[in-house]
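For reference, the structure is listed below as C-alpha coordinates.
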Amino acid sequence: MEIEDFLEPIEKSKFKLRNQGHPLLMNESIISYTTQTGFPDLNQADIAIIGVKEDRNGPDNQGCALAPDLVRKHLYQLFQGPFKTRVADLGNIVAGDQVSDTYFAVKTVVSELIKKKVIPLIIGGTQDLTYANYLAYEALGQIINIVSVDPAFDLGMNKEPVITNNNYLSAILTHQPSFLFNYTNIGYQTYFVDQDAVELMEKLYFDTYRLGIVRNSLDEVEPIVRGADLLSFDISAIRRSDAPGNAKASPNGLLGEEACQIVRYAGLSDKLSSIGFYENNPAFDQGEQTAQLVAQMIWYFLDGFYNRKKDMPDRTRKDSGEYLKYVVSIKDFKNEIVFYKSKKSDRWWMEVPCPAGMQVKYERQLLVPCSYNEYQAACQDEIPDKWWQVYQKFM
(Lines give C-alpha, C1' and ligand atoms only; values in the text may rest on other atoms or scores of the structure.)
Protein backbone atom coordinates (compact mmCIF):
# COMPACT_ATOMS: atom_id res chain seq x y z
CA MET A 1 0.00 0.00 0.00
CA GLU A 2 1.33 3.44 -0.98
CA ILE A 3 1.17 6.28 1.54
CA GLU A 4 -0.90 8.33 -0.88
CA ASP A 5 -3.71 5.83 -0.29
CA PHE A 6 -4.09 7.34 3.19
CA LEU A 7 -4.18 10.95 1.99
CA GLU A 8 -6.65 13.19 0.20
CA PRO A 9 -5.57 16.13 -1.98
CA ILE A 10 -6.12 19.72 -0.93
CA GLU A 11 -8.17 22.31 -2.78
CA LYS A 12 -5.96 25.39 -3.02
CA SER A 13 -8.76 27.39 -4.65
CA LYS A 14 -10.45 27.57 -1.22
CA PHE A 15 -7.56 29.49 0.32
CA LYS A 16 -8.26 32.82 -1.46
CA LEU A 17 -4.60 33.86 -1.38
CA ARG A 18 -3.40 37.44 -1.43
CA ASN A 19 -0.67 38.29 -3.96
CA GLN A 20 -1.49 35.04 -5.76
CA GLY A 21 1.11 34.27 -8.40
CA HIS A 22 3.92 36.18 -6.67
CA PRO A 23 7.02 34.04 -7.32
CA LEU A 24 8.36 34.38 -3.77
CA LEU A 25 5.23 33.21 -1.92
CA MET A 26 5.29 29.88 -0.10
CA ASN A 27 2.32 29.04 -2.31
CA GLU A 28 4.70 28.95 -5.27
CA SER A 29 7.47 26.95 -3.61
CA ILE A 30 5.45 24.25 -1.79
CA ILE A 31 4.77 21.22 -3.98
CA SER A 32 1.14 20.44 -3.14
CA TYR A 33 -0.93 17.32 -3.62
CA THR A 34 -3.96 18.43 -5.63
CA THR A 35 -6.25 16.67 -8.08
CA GLN A 36 -4.63 18.67 -10.87
CA THR A 37 -0.96 18.02 -10.03
CA GLY A 38 -1.13 14.56 -8.47
CA PHE A 39 0.96 13.21 -5.59
CA PRO A 40 4.32 14.98 -5.10
CA ASP A 41 7.66 13.33 -5.83
CA LEU A 42 9.14 12.78 -2.35
CA ASN A 43 12.64 12.68 -3.83
CA GLN A 44 12.23 16.43 -4.28
CA ALA A 45 11.26 17.07 -0.64
CA ASP A 46 13.09 17.59 2.66
CA ILE A 47 9.90 18.17 4.66
CA ALA A 48 6.36 16.87 4.12
CA ILE A 49 3.28 18.60 5.54
CA ILE A 50 0.48 16.27 6.63
CA GLY A 51 -2.88 17.49 7.86
CA VAL A 52 -4.79 15.12 10.15
CA LYS A 53 -8.55 15.69 10.43
CA GLU A 54 -9.02 13.85 13.72
CA ASP A 55 -10.31 15.14 17.05
CA ARG A 56 -12.63 12.41 18.34
CA ASN A 57 -10.27 11.56 21.20
CA GLY A 58 -10.10 15.20 22.24
CA PRO A 59 -13.53 15.57 23.85
CA ASP A 60 -12.62 18.84 25.57
CA ASN A 61 -11.49 20.55 22.35
CA GLN A 62 -13.78 19.33 19.57
CA GLY A 63 -13.26 21.21 16.31
CA CYS A 64 -9.50 20.77 15.85
CA ALA A 65 -10.13 18.53 12.84
CA LEU A 66 -10.90 21.69 10.86
CA ALA A 67 -7.53 23.32 11.57
CA PRO A 68 -5.17 21.90 8.87
CA ASP A 69 -6.57 23.75 5.84
CA LEU A 70 -6.98 26.98 7.80
CA VAL A 71 -3.29 26.87 8.78
CA ARG A 72 -2.40 26.17 5.14
CA LYS A 73 -4.37 29.22 4.04
CA HIS A 74 -2.05 31.45 6.07
CA LEU A 75 1.15 29.48 5.49
CA TYR A 76 0.78 29.67 1.72
CA GLN A 77 0.48 33.48 1.93
CA LEU A 78 3.83 33.94 3.68
CA PHE A 79 6.89 34.90 1.71
CA GLN A 80 9.85 32.56 1.56
CA GLY A 81 12.77 33.43 3.76
CA PRO A 82 16.44 33.55 2.74
CA PHE A 83 16.38 29.84 2.00
CA LYS A 84 15.30 27.61 -0.87
CA THR A 85 12.57 25.29 0.33
CA ARG A 86 11.95 21.71 -0.71
CA VAL A 87 8.59 21.22 0.98
CA ALA A 88 5.82 18.90 -0.14
CA ASP A 89 2.25 19.24 1.11
CA LEU A 90 0.82 15.72 1.04
CA GLY A 91 -2.74 16.75 1.83
CA ASN A 92 -4.87 15.39 4.66
CA ILE A 93 -5.35 12.12 6.47
CA VAL A 94 -9.11 11.89 6.85
CA ALA A 95 -10.52 10.43 10.06
CA GLY A 96 -10.99 6.67 9.70
CA ASP A 97 -14.02 4.63 10.74
CA GLN A 98 -12.34 4.24 14.14
CA VAL A 99 -9.76 6.51 15.74
CA SER A 100 -7.40 3.54 15.69
CA ASP A 101 -7.66 3.59 11.89
CA THR A 102 -6.48 7.19 11.88
CA TYR A 103 -3.60 6.29 14.21
CA PHE A 104 -2.59 3.46 11.86
CA ALA A 105 -2.60 5.85 8.89
CA VAL A 106 -0.47 8.43 10.75
CA LYS A 107 1.94 5.74 11.94
CA THR A 108 2.32 4.32 8.43
CA VAL A 109 2.76 7.65 6.64
CA VAL A 110 5.22 9.04 9.21
CA SER A 111 7.27 5.84 9.24
CA GLU A 112 7.59 5.76 5.46
CA LEU A 113 8.56 9.43 5.30
CA ILE A 114 11.29 9.01 7.93
CA LYS A 115 12.64 6.01 6.02
CA LYS A 116 12.94 8.28 3.00
CA LYS A 117 14.73 10.90 5.17
CA VAL A 118 11.82 13.32 4.79
CA ILE A 119 10.67 15.12 7.97
CA PRO A 120 6.92 14.75 8.61
CA LEU A 121 5.34 18.01 9.78
CA ILE A 122 1.91 17.18 11.19
CA ILE A 123 -0.88 19.74 11.48
CA GLY A 124 -3.59 18.33 13.78
CA GLY A 125 -6.03 17.54 15.08
CA THR A 126 -5.71 16.83 18.78
CA GLN A 127 -2.52 15.97 20.63
CA ASP A 128 -3.31 12.28 21.12
CA LEU A 129 -1.96 12.01 17.55
CA THR A 130 1.47 12.22 19.19
CA TYR A 131 0.90 8.59 20.22
CA ALA A 132 0.46 7.60 16.57
CA ASN A 133 3.59 9.57 15.67
CA TYR A 134 5.49 7.66 18.37
CA LEU A 135 4.31 4.31 16.96
CA ALA A 136 6.05 5.18 13.70
CA TYR A 137 9.40 4.88 15.48
CA GLU A 138 8.43 1.46 16.80
CA ALA A 139 7.98 0.38 13.19
CA LEU A 140 11.50 1.71 12.54
CA GLY A 141 12.97 0.01 15.62
CA GLN A 142 14.40 3.34 16.76
CA ILE A 143 14.76 4.44 20.40
CA ILE A 144 13.83 8.10 20.67
CA ASN A 145 13.53 11.21 22.83
CA ILE A 146 10.24 13.11 22.89
CA VAL A 147 9.95 16.80 23.71
CA SER A 148 6.48 18.19 24.35
CA VAL A 149 5.66 21.89 24.67
CA ASP A 150 2.60 21.68 26.87
CA PRO A 151 1.12 23.36 29.98
CA ALA A 152 0.49 19.88 31.48
CA PHE A 153 1.99 16.37 31.31
CA ASP A 154 -1.05 14.63 29.75
CA LEU A 155 -0.78 11.58 31.98
CA GLY A 156 -4.51 11.47 32.66
CA MET A 157 -6.12 9.41 35.40
CA ASN A 158 -5.36 5.78 36.20
CA LYS A 159 -6.91 3.03 34.03
CA GLU A 160 -8.65 5.28 31.55
CA PRO A 161 -9.90 2.93 28.79
CA VAL A 162 -9.46 5.31 25.83
CA ILE A 163 -6.42 7.25 24.65
CA THR A 164 -7.21 10.97 24.70
CA ASN A 165 -5.42 14.27 24.27
CA ASN A 166 -5.14 14.40 28.08
CA ASN A 167 -3.58 10.96 28.68
CA TYR A 168 -1.65 10.03 25.53
CA LEU A 169 1.67 10.17 27.43
CA SER A 170 0.50 7.35 29.71
CA ALA A 171 -0.24 5.32 26.58
CA ILE A 172 3.31 5.94 25.36
CA LEU A 173 4.85 5.07 28.74
CA THR A 174 2.94 1.80 29.05
CA HIS A 175 3.27 0.72 25.42
CA GLN A 176 5.31 -2.45 24.93
CA PRO A 177 7.85 -2.83 23.60
CA SER A 178 9.06 0.60 24.67
CA PHE A 179 11.08 2.74 22.27
CA LEU A 180 11.11 5.82 24.50
CA PHE A 181 14.44 6.78 26.09
CA ASN A 182 13.57 10.23 27.41
CA TYR A 183 10.59 12.55 27.68
CA THR A 184 10.93 16.28 28.25
CA ASN A 185 8.18 18.76 29.00
CA ILE A 186 8.76 22.42 28.21
CA GLY A 187 6.52 25.09 29.71
CA TYR A 188 4.32 23.25 32.18
CA GLN A 189 2.27 25.41 34.54
CA THR A 190 2.34 24.13 38.11
CA TYR A 191 -1.36 24.78 38.86
CA PHE A 192 -2.28 22.44 35.95
CA VAL A 193 -0.10 19.57 37.21
CA ASP A 194 -0.61 17.51 40.35
CA GLN A 195 2.44 16.89 42.53
CA ASP A 196 2.19 13.11 42.12
CA ALA A 197 2.81 13.61 38.41
CA VAL A 198 5.83 15.83 39.13
CA GLU A 199 7.26 13.15 41.42
CA LEU A 200 6.65 10.48 38.77
CA MET A 201 8.60 12.50 36.22
CA GLU A 202 11.48 12.73 38.67
CA LYS A 203 11.42 8.99 39.41
CA LEU A 204 11.56 8.23 35.69
CA TYR A 205 14.49 10.68 35.30
CA PHE A 206 12.50 12.73 32.79
CA ASP A 207 13.11 16.45 32.29
CA THR A 208 10.44 19.03 33.10
CA TYR A 209 10.75 22.82 32.84
CA ARG A 210 8.22 25.21 34.33
CA LEU A 211 6.93 28.07 32.23
CA GLY A 212 8.73 30.71 34.35
CA ILE A 213 12.10 28.99 33.95
CA VAL A 214 11.61 28.69 30.20
CA ARG A 215 10.66 32.33 29.76
CA ASN A 216 13.52 33.59 31.94
CA SER A 217 16.16 31.62 30.00
CA LEU A 218 14.79 30.94 26.55
CA ASP A 219 18.26 30.39 25.08
CA GLU A 220 18.67 27.40 27.42
CA VAL A 221 15.75 25.75 25.61
CA GLU A 222 17.91 25.26 22.52
CA PRO A 223 19.97 22.31 23.85
CA ILE A 224 16.81 20.82 25.38
CA VAL A 225 15.08 20.78 22.00
CA ARG A 226 18.30 19.70 20.25
CA GLY A 227 18.06 16.31 21.96
CA ALA A 228 14.58 15.54 20.55
CA ASP A 229 13.70 13.11 17.79
CA LEU A 230 10.02 14.05 18.00
CA LEU A 231 8.57 17.40 19.08
CA SER A 232 4.88 17.75 19.95
CA PHE A 233 3.51 21.28 20.37
CA ASP A 234 0.20 21.84 22.17
CA ILE A 235 -1.10 25.27 21.18
CA SER A 236 -2.61 25.68 24.67
CA ALA A 237 0.97 26.24 25.87
CA ILE A 238 0.67 29.73 24.33
CA ARG A 239 -1.26 32.38 26.25
CA ARG A 240 -4.82 33.13 25.16
CA SER A 241 -4.10 36.69 23.99
CA ASP A 242 -1.66 35.31 21.42
CA ALA A 243 -3.47 32.04 20.57
CA PRO A 244 -7.18 32.12 21.51
CA GLY A 245 -8.02 29.16 19.25
CA ASN A 246 -8.18 26.49 21.95
CA ALA A 247 -10.92 25.47 24.38
CA LYS A 248 -8.33 25.32 27.19
CA ALA A 249 -6.52 28.58 26.37
CA SER A 250 -5.18 30.25 29.51
CA PRO A 251 -4.25 33.83 30.38
CA ASN A 252 -0.69 32.61 31.05
CA GLY A 253 1.67 30.85 28.69
CA LEU A 254 4.36 31.40 26.11
CA LEU A 255 4.32 34.50 23.93
CA GLY A 256 3.87 33.97 20.22
CA GLU A 257 7.46 35.09 19.60
CA GLU A 258 8.74 32.58 22.16
CA ALA A 259 6.79 29.76 20.53
CA CYS A 260 8.32 30.67 17.16
CA GLN A 261 11.81 30.68 18.68
CA ILE A 262 11.33 27.23 20.22
CA VAL A 263 10.25 25.66 16.94
CA ARG A 264 13.13 27.40 15.15
CA TYR A 265 15.44 25.65 17.63
CA ALA A 266 13.70 22.41 16.65
CA GLY A 267 14.36 23.12 13.00
CA LEU A 268 18.05 23.73 13.73
CA SER A 269 18.44 20.33 15.40
CA ASP A 270 20.17 17.74 13.22
CA LYS A 271 18.54 15.01 15.29
CA LEU A 272 14.87 15.98 15.08
CA SER A 273 12.99 13.85 12.54
CA SER A 274 9.29 14.69 13.10
CA ILE A 275 7.20 17.52 14.51
CA GLY A 276 3.50 18.09 15.17
CA PHE A 277 1.29 21.10 15.94
CA TYR A 278 -1.92 20.24 17.80
CA GLU A 279 -5.03 21.57 19.56
CA ASN A 280 -5.62 24.55 17.25
CA ASN A 281 -9.40 24.91 17.27
CA PRO A 282 -10.97 27.34 14.74
CA ALA A 283 -14.23 27.32 16.75
CA PHE A 284 -12.55 29.38 19.49
CA ASP A 285 -10.26 31.47 17.29
CA GLN A 286 -10.59 35.21 16.75
CA GLY A 287 -9.90 36.54 13.28
CA GLU A 288 -7.99 33.32 12.51
CA GLN A 289 -5.20 34.63 14.75
CA THR A 290 -4.16 31.20 16.04
CA ALA A 291 -4.04 29.72 12.54
CA GLN A 292 -1.83 32.62 11.50
CA LEU A 293 0.49 32.01 14.46
CA VAL A 294 0.80 28.28 13.69
CA ALA A 295 1.61 29.15 10.07
CA GLN A 296 4.32 31.53 11.27
CA MET A 297 5.67 28.86 13.65
CA ILE A 298 5.97 26.50 10.69
CA TRP A 299 7.80 29.24 8.77
CA TYR A 300 10.30 29.53 11.65
CA PHE A 301 10.74 25.76 11.71
CA LEU A 302 11.65 25.89 8.01
CA ASP A 303 14.04 28.76 8.70
CA GLY A 304 15.76 26.67 11.35
CA PHE A 305 15.87 23.57 9.17
CA TYR A 306 17.53 25.35 6.27
CA ASN A 307 20.14 26.75 8.64
CA ARG A 308 21.16 23.38 10.09
CA LYS A 309 24.90 23.07 10.72
CA LYS A 310 25.04 19.27 10.39
CA ASP A 311 27.53 19.13 13.26
CA MET A 312 25.92 16.64 15.66
CA PRO A 313 28.83 14.54 16.98
CA ASP A 314 28.67 10.76 16.95
CA ARG A 315 30.98 7.87 17.77
CA THR A 316 32.94 8.27 14.54
CA ARG A 317 33.10 12.10 14.43
CA LYS A 318 33.64 13.20 18.01
CA ASP A 319 37.44 12.83 17.80
CA SER A 320 37.71 13.96 14.18
CA GLY A 321 39.12 17.43 14.86
CA GLU A 322 35.76 19.10 14.23
CA TYR A 323 35.27 19.57 17.97
CA LEU A 324 37.10 20.93 20.96
CA LYS A 325 37.21 18.35 23.75
CA TYR A 326 37.13 19.32 27.43
CA VAL A 327 37.52 16.83 30.28
CA VAL A 328 36.25 17.95 33.69
CA SER A 329 36.98 16.15 36.96
CA ILE A 330 34.34 16.50 39.67
CA LYS A 331 35.50 16.42 43.28
CA ASP A 332 34.54 13.20 45.09
CA PHE A 333 33.01 11.75 41.90
CA LYS A 334 34.59 8.78 40.15
CA ASN A 335 33.58 9.78 36.62
CA GLU A 336 35.08 12.55 34.55
CA ILE A 337 32.64 14.48 32.39
CA VAL A 338 33.72 14.89 28.79
CA PHE A 339 32.38 17.90 26.85
CA TYR A 340 32.54 18.54 23.11
CA LYS A 341 32.21 21.95 21.50
CA SER A 342 31.53 22.24 17.79
CA LYS A 343 34.01 24.46 15.97
CA LYS A 344 31.34 25.12 13.37
CA SER A 345 28.45 26.31 15.57
CA ASP A 346 29.92 26.71 19.11
CA ARG A 347 27.23 24.31 20.38
CA TRP A 348 28.03 21.94 23.25
CA TRP A 349 27.46 18.26 24.06
CA MET A 350 28.48 16.12 27.03
CA GLU A 351 29.25 12.42 26.88
CA VAL A 352 27.59 10.04 29.33
CA PRO A 353 29.38 6.72 30.05
CA CYS A 354 27.39 3.62 29.23
CA PRO A 355 28.05 -0.07 29.98
CA ALA A 356 29.77 -1.72 27.01
CA GLY A 357 26.87 -4.09 26.36
CA MET A 358 24.43 -1.17 25.96
CA GLN A 359 26.48 1.14 23.75
CA VAL A 360 25.15 -0.09 20.41
CA LYS A 361 21.51 0.09 21.54
CA TYR A 362 21.84 3.58 23.00
CA GLU A 363 24.44 5.05 20.67
CA ARG A 364 22.24 8.05 19.78
CA GLN A 365 21.69 8.89 23.48
CA LEU A 366 25.32 8.88 24.68
CA LEU A 367 26.06 12.47 23.64
CA VAL A 368 23.66 14.82 25.41
CA PRO A 369 23.16 18.38 24.10
CA CYS A 370 24.04 21.01 26.67
CA SER A 371 25.04 24.65 27.01
CA TYR A 372 28.19 26.49 28.00
CA ASN A 373 26.52 27.17 31.36
CA GLU A 374 26.48 23.44 32.10
CA TYR A 375 30.17 23.18 31.28
CA GLN A 376 30.82 26.07 33.67
CA ALA A 377 28.75 24.33 36.37
CA ALA A 378 30.83 21.18 35.97
CA CYS A 379 33.99 23.26 36.38
CA GLN A 380 32.53 24.36 39.73
CA ASP A 381 32.15 20.71 40.85
CA GLU A 382 28.42 20.59 40.04
CA ILE A 383 27.15 17.56 38.12
CA PRO A 384 24.80 18.83 35.36
CA ASP A 385 21.24 17.61 35.91
CA LYS A 386 20.82 16.36 32.33
CA TRP A 387 24.06 14.36 32.57
CA TRP A 388 23.01 12.78 35.85
CA GLN A 389 19.53 11.82 34.61
CA VAL A 390 20.90 10.04 31.55
CA TYR A 391 23.62 8.41 33.64
CA GLN A 392 21.00 6.99 36.03
CA LYS A 393 19.13 5.39 33.12
CA PHE A 394 22.24 3.43 32.18
CA MET A 395 22.95 2.22 35.69
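Values for this structure:
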{"item": "Length-normalised contact order for the stretch 29-166 - Cα pairs under 8 Å, 6+ apart - percent", "result": "33"}
{"item": "Other-chain or far-sequence residues with amide H under 5 Å of Thr208's (modelled H)", "result": "Asn185"}
{"item": "The stretch 289-370: Lys pairs at Cα distance under 27 angstrom, eight or more positions apart or on different chains", "result": "26"}
{"item": "Value of relative contact order over the stretch 302-395, rounded to a whole percent, pairs C-alpha under 8 Å and six or more apart", "result": "24"}
{"item": "Volume per residue that the Cα convex hull of the stretch 293-377 spans, once the total is divided by residue count, Å³", "result": "138"}
{"item": "Highest to lowest packing among 237-250, 283-296, 198-211, scored as the average C-beta count within 10 Å", "result": "237-250, 283-296, 198-211"}
{"item": "Residue-normalised accessible area of the stretch 150-195, given per residue in Å² at a 1.4 Å probe", "result": "47"}
{"item": "Shape box of the chain [Cα atoms, principal axes, largest first, Å]", "result": "67, 47, 42"}
{"item": "Distance from the stretch 1-18 to the stretch 35-81 (C-alpha centre basis), Å", "result": "8"}
{"item": "Distance in nm between pseudo-label sites at Val94 and Gln376 (7 Å out along the Cβ direction from Cα)", "result": "5.7"}
{"item": "Carbon and sulfur %, accessible surface of the stretch 117-270 computed with the full protein complex present, 1.4 Å", "result": "51"}
{"item": "Accessible solvent surface per residue of the stretch 214-286, calculated while the other protein chains remain in place, 1.4 angstrom probe, Å²", "result": "28"}
{"item": "The chain, relative contact order [Cα under 8 Å, separation at least 6], %", "result": "14"}
{"item": "Distant alpha-carbon pairs in the stretch 241-355 (separation over 20 angstrom), percent", "result": "58"}
{"item": "Span from the the stretch 193-213 Cα centroid across to the the stretch 96-115 one, whole angstrom", "result": "30"}
{"item": "Nearest-0.05 FRET efficiency for Ala139 and Lys343, computed from C-beta distance (R0 25 Å)", "result": "0.10"}
{"item": "Highest to lowest packing among 215-226, 316-327, 258-269, scored as the average C-beta count within 10 Å", "result": "258-269, 215-226, 316-327"}
{"item": "Separation between Cα centres of the stretch 149-170 and the stretch 301-318, rounded to whole Å", "result": "32"}
{"item": "Cleavage-rule hits, chymotrypsin sites (Phe, Trp or Tyr not before Pro), the stretch 11-93, DSSP coil, Cβ neighbours within 10 Å at most 16", "result": "Phe83"}
{"item": "Computed log₁₀ I(q)/I(0) - Debye formula, equal Cα scatterers, no solvent, the stretch 133-211, q 0.16, 0.21, 0.26 Å⁻¹", "result": "-0.59, -1.01, -1.42"}
{"item": "Paramagnetic reach from Val327 in the stretch 352-376 [backbone N under 17 Å; point 7 Å along Cα→Cβ]", "result": "352-354"}
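The values are calculated or read from the model by the stated rules, or taken from the named source; none is laboratory data. Bear in mind the structure is a predicted one, so any value in this text is a computation, not a measurement. In this analysis, Cβ positions are derived from the backbone assuming ideal geometry, glycine residues included, and neighbour counts consider all displayed protein chains. Just the protein is used for accessible areas: all its heavy atoms, side chains included, with ligands, DNA and RNA removed. Shrake-Rupley method; radii C 1.70, N 1.55, O 1.52, S 1.80 Å.
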